[in-house]
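Peer 1: Here you go, one structure.
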Amino acid sequence: MKKSLNIILRPVLLGLITLGLSLPVTAPEAMASSKQEVTAKKKTVSKASRKKSHAVASKKKRNQKVSRYGKRRSNAVALQSRLDRERQAALSRLPHRVGPTEVFQASTLQLPLNLESRAAVVINAETGELLYSKNSSRTMPIASITKLMTAMVVLDAHLPMDEIITISDADVDKVKHTSSRLTVGTSMPRSEAMLLALMASENRAAAALARTYPGGTAAAVAAMNRKASELGMTHSHFADGTGLQMQNMASPTDLVRMVKAARSYPEIRQFSTTSEHSLVAGRRILPYRNTNALVKNDTWDIEVSKTGFINEAGKCLVMHARVNSTPVVIVLMDSNGRYTRIGDANRVKKWLEAAVQSFTLSENQYTEHQ
């Protein structure tokens, strides 16, 4: 039995010994080197993984845009965008921004006039002839056009224009929270405050004019509403001296009456058409420019000018000007784009000039045939 097992196992053992002898022999140094390579490879893979994870985390952090105050700016931007959309939707539903558009054009002016402003009136200031109107009876917020009425009632009160008035905390805008370079404590003559209010639409200057009116702001606003009634402005209401409140309202036809009345005041004619002015406030020199760029345009002859803007009113512009030596009042209300009101004013001017040229040519042709 034992002999039989030996005969069977001997070939197996010889085969195993032969296989062992044929395998490569790994030295201890080689084994250590191989181990180091594996470890280094693991470290490289681990480092690459960490680098990739760090890149992903950094990208995620950049997308979140964490501000130094710890707020998620992306969430704040999304919230602001939603609030802006809601605000714009609410503004679009205001009464003066809904309803059909009513347009009138004088039959003597055959050339069409297309204006972007939501409401407009063009009238011959000398004859009273209505040349063009768009939603002329629609009552709308008038923004800083209000300052023309503020200036008129201050001038009607015959207050000393060289009297020094000082900007106070009561003049700071707490309605729209607009900024101003006129810091509390800044002093200037009443005439300079009126200049800044009419030329640069300075809200604190206008507020100071109303506040220093005899009886204060309330008395000034009451005088403004009385003045509007006297002028026949039947669709008008004034709530403050700046126009920041949307309750300052009028129709384009009402504003024609106000602009024509404002032209009778030399101070308003001068101040509203001044192109620029520098205010000396202590050690500071504050440069101001007219909010209506057309006053510096040599092709325009403007006698009274006033711009206005709040969200509820849109961009507004009123002018008493001469086009081809003809005095006209131009009222443009609720323009959307930044330059729309200026573009509309230029369109009105070209339209009037073309109409006069067309009329002159027709008249000459008629004379030749006689």
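Every read-out reported here was derived from the displayed coordinates using simple, explicitly stated rules and does not represent laboratory data. Since the model is a prediction, treat every value here as computed from it, not as a measurement. Reconstructed Cβ throughout: ideal geometry from the backbone, glycine too, with neighbour counts over all protein chains shown.
Peer 1: Run the quick spin-label model on N114 and Y339: label points 7 Å from Cα toward the beta carbon, then report their separation in nm to one decimal.
Peer 2: Distance between label points: 1.8 nm.
Peer 1: In terms of modelled amide H atoms, which long-range or inter-chain residues lie less than 5 Å from the amide H of L131?
Peer 2: Under 5 Å from the amide H of L131: V122, I123, N124.
Peer 1: While we're here: Could you give each residue of the range 204-217 its phi-based ³J(HN,Hα) in whole Hz, using Karplus coefficients 6.51, -1.76, 1.60 with θ = phi - 60°, and x for Gly or Pro?
Peer 2: Using θ = phi - 60°, the values come out as 5, 5, 5, 4, 5, 4, 6, 5, 8, 5, x, x, x, 4 Hz.
Peer 1: Kindly write out, for the range 256-267 in residue order, the coupling ³J(HN,Hα) from the Karplus curve 6.51 cos²θ - 1.76 cosθ + 1.60 (θ = phi - 60°), rounded to whole Hz, with x marking Gly and Pro.
Peer 2: Result, ordered by residue: 4, 5, 5, 5, 4, 5, 4, 5, 6, 9, x, 5 Hz.
Peer 1: 5 Å is the cut-off here: which amide hydrogens, built 1.01 Å from N in the peptide plane, fall below it relative to S251, excluding neighbours closer than 5 in sequence?
Peer 2: M140, H235
Peer 1: Amide H to amide H, which residues 5 or more places from V304 or on other chains are under 5 Å from it, using H placed in the peptide plane?
Peer 2: H320
Peer 1: Counting other beta carbons within 10 Å of each Cβ, put V77, V356 in order, fewest first.
Peer 2: Taking fewest neighbouring Cβ atoms as first place, the list is V77, V356.
Peer 1: Also: Taking the number of other C-beta atoms within 10 Å as the exposure measure, put Y288, Y339 in order starting with the fewest.
Peer 2: Ordered by Cβ neighbours within 10 Å, fewest first: Y339, Y288.
Peer 1: In whole angstrom, note down how far apart the Cα centers of the range 108-157 and the range 297-343 are.
Peer 2: A separation of 9 Å, based on Cα centres.
Peer 1: Taking the highest mean first, how do the peptides 95-108, 312-325, 157-170 order by number of other beta carbon atoms within 10 angstrom per residue?
Peer 2: Packing proxy ranking, top to bottom: 312-325, 157-170, 95-108.
Peer 1: Beta carbons within 10 angstrom, averaged per residue: use that to sort the peptides 171-181, 198-208, 126-136, highest first.
Peer 2: 198-208, 126-136, 171-181
Peer 1: Rounded to the nearest 20 debye, what is the charge dipole size of the range 102-368 about its Cα centre when +1 sits on each Lys and Arg Cβ and -1 on each Asp and Glu Cβ?
Peer 2: 660 debye
Peer 1: Taking a ≥ b ≥ c as the square roots of the Cα gyration tensor eigenvalues, with a/c under 1.5 meaning rounded and otherwise prolate when a/b beats b/c, else oblate, which class fits the range 102-368?
Peer 2: Verdict is prolate for the range 102-368.
Peer 1: Run the numbers for N311 and S92: contour at 0.36 nm per residue of separation, minus the present Cα-Cα distance, in nm.
Peer 2: Extra length available between N311 and S92 comes to 77.8 nm.
Peer 1: What are the ³J(HN,Hα) values, in whole Hz, obtained from phi via the Karplus relation 6.51 cos²θ - 1.76 cosθ + 1.60 with θ = phi - 60°, for each residue of the range 155-163 in sequence order, with x given for Gly and Pro?
Peer 2: 5, 5, 6, 6, 6, x, 6, 8, 5
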